[in-house]
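Visitor: Here you go, one structure.
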Amino acid sequence: MNRTLVIVKPDAVERGLVGEILGRLERKGLRLVAAQLRHLDPDIARRHYAEHVGREYFEALVAFITRSPVVVAVVEGPDDTWRLVRQLMGATNPVDASPGTIRGDLAVVMAENLIHGSDSPDAARREIGIFFPELA
Ligand code: CDP
Ligand code: MG
């Protein structure tokens with residue numbers, strides 16, 4: 001799988017970090033093949049985060065991701081592009097994210113960690129299908 005889904009989350013859009021975040025992916029050598037500013041509704045948010053249903057943070061996560069617009073994007077690169085993006089993102093909890101990563105440089109708390117990236121080839125395929133069915 002050489003494509004992966006990225007969501008520049010509401011906190012990032014609110015803070016004016018869209019260019020910074022997508023720019024980091026572009027400077028790495030990845031190519032944007034789709035991007036859309038979009039206010040997610042709870043149904044699509046729940047579908048996207050289906051694996052987290054039942055976790056104690058689930059409802060807060062849905063409220064967060066739907067609170068204001070996000071940029072949903074598909075990026076393309078070599079095999080394992082999803083893994084390249086995950087490396088650039090850094091650990092889920094910004095406290096653990098290395099300096100030099102998006103979360104390590106720009107975020108302070110897990111609930112507002114700026115970016116989503118698919119975590120496997122199967123997840124990339126599934127998530128691209130949710131947001132960009134025409135690319136599936
Ligand atoms: O985003 P990532 O794939 O790194 O992490 P995840 O484990 O798939 O969790 C999805 C998102 O849920 C995280 O990015 C956080 O925004 C949120 N989350 C949270 O708020 N509290 C947790 N204990 C775990 C996840
Ligand atoms: Mg995840």
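The numbers here are math on the coordinates, done by the rules we state, and not lab data. As the structure is a computational prediction, the values presented were derived from the model and not from experiment. Quick reminder, even Gly has a Cβ in these numbers, built from the backbone with ideal geometry, and neighbours come from all protein chains shown.
Visitor: Give the order of Glu127, Glu51 when sorted by the count of other beta carbons within 10 angstrom, beginning with the fewest.
Guide: Glu51, Glu127
Visitor: Hey, how many Å between the Cα centroid of region 6-51 and the Cα centroid of region 56-127?
Guide: Distance between centres, Cα-based: 8 Å.
Visitor: If we count every other residue with Cβ under 12 angstrom of Leu25's Cβ, Lys/Arg +1 and Asp/Glu -1, where does the sum land?
Guide: +2
Visitor: Would you mind classifying region 13-136 by shape? Square roots of the alpha carbon gyration tensor eigenvalues, ordered a ≥ b ≥ c; an a/c under 1.5 is rounded, otherwise it is prolate if a/b is larger than b/c and oblate if not.
Guide: On the way: a/c = 1.40, a/b = 1.07, b/c = 1.31.
Rounded.
Visitor: So what's the back-of-envelope 222 nm ellipticity for the chain, counting only DSSP H runs of four-plus at -39500 (n - 2.57) apiece and dividing by all residues, rounded to 500? If you can, show how the numbers build up before the last one.
Guide: Working: 7 runs with 56 residues, N = 136.
Helix-only estimate at 222 nm: -11000 deg cm²/dmol.
Visitor: Could you give each residue of region 116-133 its phi-based ³J(HN,Hα) in whole Hz, using Karplus coefficients 6.51, -1.76, 1.60 with θ = phi - 60°, and x for Gly or Pro?
Guide: Listing the rounded values in order: 10, x, 4, 10, 5, x, 5, 5, 4, 4, 5, 6, 4, x, 6, 9, 9, x Hz.
Visitor: Which ordering of Ile44, Ile128 is given by a fewest-first count of other beta-carbon atoms within 10 Å?
Guide: Details: Ile44 15, Ile128 22.
By the 10 Å Cβ count, ascending, the order reads Ile44, Ile128.
Visitor: Can you find, among Gln36, Ala111, His52, the residue sitting farthest towards the positive end of the charge dipole of the chain, where Lys and Arg contribute +1 and Asp and Glu -1 at Cβ?
Guide: Gln36
Visitor: Sticking with this structure for a sec: In percent, how large is the relative contact order of the chain, given Cα pairs closer than 8 Å and 6 or more residues apart?
Guide: 37 percent
Visitor: Between Arg47 and Asn2, 0.36 nm times their residue separation minus their Cα-Cα distance comes to what?
Guide: On the way: separation 45, 0.36 × 45 = 16.20 nm, distance 2.26 nm.
Separation in residues times 0.36 nm, less the Cα-Cα distance, equals 13.9 nm.
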